[in-house]
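K.L.:
Submitted below is the structure of interest, expressed as C-alpha cells.
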Amino acid sequence: MTTTRVPQEERTRVMRLRLMEATVELLVERGFSGTTTTLVSERAGVSRGAQLHHFPTKNDLVVAAVAHITEIRGSELEAAAARLPQGPGRTEAVMHMLGEHFSSPVFTAALELWVAARSDATLLAAVAPLEQHVGRETHRLTVELLGADESRPGVRELVQATLDLVRGLGLANTISDDAARRRRILTEWARTFDAALATPEGEA
C-alpha cells in the first residue's frame with residue numbers, strides 16, 4: 001500500500017489555518033483578554049512548540065488572525081450577495097443580508113480586535129488598514145447591490161447611514177439576541193431607502 005506524503009508546505013498551510021480558526025473561535029467565545037496562545041494551540045490541536053515557531057507571541061497570532069478574519073468577512077459577503085433575489089423586495093433583502101453579516105461570529109471577533117487595538121499600538125497598526133479596506137469594499141458592494149447612484153445628492157450619505165446602522169445593530173446583538181428587533185428596523189429602513197431613491201432629483 002502506497003502512502004501519499006503531504007508536502008511540508010501544505011502541512012504548514014493547514015496548521016496555520018487551524019490556528020487562525022481556533023483564534024477566531026476563542027475571540028468570539030472568550031474575548032481578546034480570554035484568548036491565550038495555550039488555549040489556541042489546544043483548540044487547534046497543534047503542539048505548543050509548532051505554534052510558537054510560527055507565532056512567538058499572542059500579538060503575532062492575533063495580527064495573523066486579523067488578516068484571516070478580513071478574508072472570511074469578504075468571502076461571506078460576496079457569497080451572501082450572490083444569493084440575493086432580483087426585482088421587488090431586493091432592497092429589503094440587501095438590508096437583512098447586511099444585518100446578518102454584521103451580527104455574525106466573525107464580526108464579533110472583529111469587534112474584540114477593535115476594542116483591544118484602541119490601547120495597543122502594534123495591534124492598531126495591523127487592524128486599522130485592514131478595517132479601512134473592509135469598509136471600502138463593503139461600501140462598494142452595498143452601492144452595487146442597491147443600484148444606488150451616488151452622483152445624486154444625499155445618496156452616498158444614505159449608503160453610509162445604512163452601514164452605520166447595521167454595524168450598530170451588530171454591536172447590540174453582542175449583548176443579547178436582537179434578531180427580531182433588527183428585522184423590524186431593517187424592514188422599515190428598506191422602505192425609507194427605496195422612497196429616498198425614488199424621489200426625483202431636486203425634490204428631496
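FYI, it's all coordinate maths here, none of it is from the lab. Source: prediction; values computed, not measured. Note: ideal-geometry Cβ built from the backbone for every residue, glycine included; neighbour counts use all protein chains shown.
K.L.:
Scan the chain and hand back the longest stretch that contains none of the trypsin sites (Lys or Arg not before Pro) lying in DSSP loops with at most 13 other Cβ atoms within 10 Å.
P.N.:
Value returned for the longest uninterrupted segment is 119-204.
K.L.:
Next question. Helix 90-101 versus the longest principal axis of the chain: what is the Cα-based angle in degrees, 0 to 90, to the nearest 10?
P.N.:
Tilt of helix 90-101: around 30 degrees.
K.L.:
Moving to a separate point now. Out of Thr35, Ala50, Gly74, whose Cα points farthest toward the positive end of the dipole of the chain (charges: +1 Lys, Arg; -1 Asp, Glu; placed on Cβ)?
P.N.:
Ala50
K.L.:
Relative to the present Cα-Cα distance, how much length would full extension add between Ser47 and Arg11 at 0.36 nm per residue of separation?
P.N.:
Gain in length upon complete extension: 11.6 nm.
K.L.:
Using 1/(1 + (r/R0)^6) with R0 = 22 angstrom and r between the beta carbons of Glu188 and Leu84, what's the FRET efficiency to the nearest 0.05?
P.N.:
Details: r = 19 Å, r/R0 = 0.87.
The formula returns an efficiency of 0.70 here.
K.L.:
Would you mind counting up the charge near Asn173? Only other residues with Cβ under 13 Å from its Cβ, with Lys and Arg at +1 and Asp and Glu at -1.
P.N.:
+1
K.L.:
If you take the beta carbon distance between Ser33 and Ala198 as r and set R0 to 41 Å, what does 1/(1 + (r/R0)^6) give as a FRET efficiency, to the nearest 0.05?
P.N.:
0.30
K.L.:
Two decimals, Cα atoms only, Kirkwood Rh: what is Rg/Rh over region 8-198?
P.N.:
Numbers: Rg = 18.6 Å, Rh = 18.0 Å.
So for region 8-198, dividing Rg by the Kirkwood Rh gives 1.03.
K.L.:
Note down the net charge around Ser47, summing +1 for each Lys or Arg and -1 for each Asp or Glu among other residues with Cβ under 14 Å from its Cβ.
P.N.:
The answer is +4.
K.L.:
A further question on this structure: Using only DSSP helix segments of four residues or longer, with each worth -39500 (n - 2.57), what per-residue ellipticity at 222 nm results for the chain after dividing by its residue count and rounding to 500?
P.N.:
Per the formula, -26000 deg cm²/dmol.
K.L.:
Moving on to the next point. Find out how many positive minus negative residues lie around Leu113, taking Lys and Arg as positive, Asp and Glu as negative, among other residues whose Cβ is under 11 Å from that of Leu113.
P.N.:
Net charge in that neighbourhood comes out at -2.
K.L.:
In vacuum, with every alpha carbon of region 118-158 counted as one equal point scatterer, what does the Debye formula give for log10 I(q)/I(0) at q = 0.14, 0.21, 0.31, 0.33 Å⁻¹? Two decimals, please.
P.N.:
Once normalised to I(0) and log-transformed, intensities are -0.46, -0.68, -1.00, -1.05.
K.L.:
Now a separate question. In sequence order, what are the phi-derived ³J(HN,Hα) couplings for region 56-65 according to the Karplus relation 6.51 cos²θ - 1.76 cosθ + 1.60 with θ = phi - 60°, rounded to whole Hz, with x for glycine and proline?
P.N.:
Residue by residue, region 56-65 yields x, 10, 4, 5, 4, 5, 5, 4, 5, 5 Hz.
K.L.:
What are the ³J(HN,Hα) values, in whole Hz, obtained from phi via the Karplus relation 6.51 cos²θ - 1.76 cosθ + 1.60 with θ = phi - 60°, for each residue of region 110-119 in sequence order, with x given for Gly and Pro?
P.N.:
Result, rounded to whole Hz: 5, 4, 4, 6, 4, 5, 5, 5, 4, 10.
K.L.:
Taking the Cα centre of each part, how many Å lie between region 1-73 and region 94-111?
P.N.:
Cα centres, region 1-73 to region 94-111: 23 Å.
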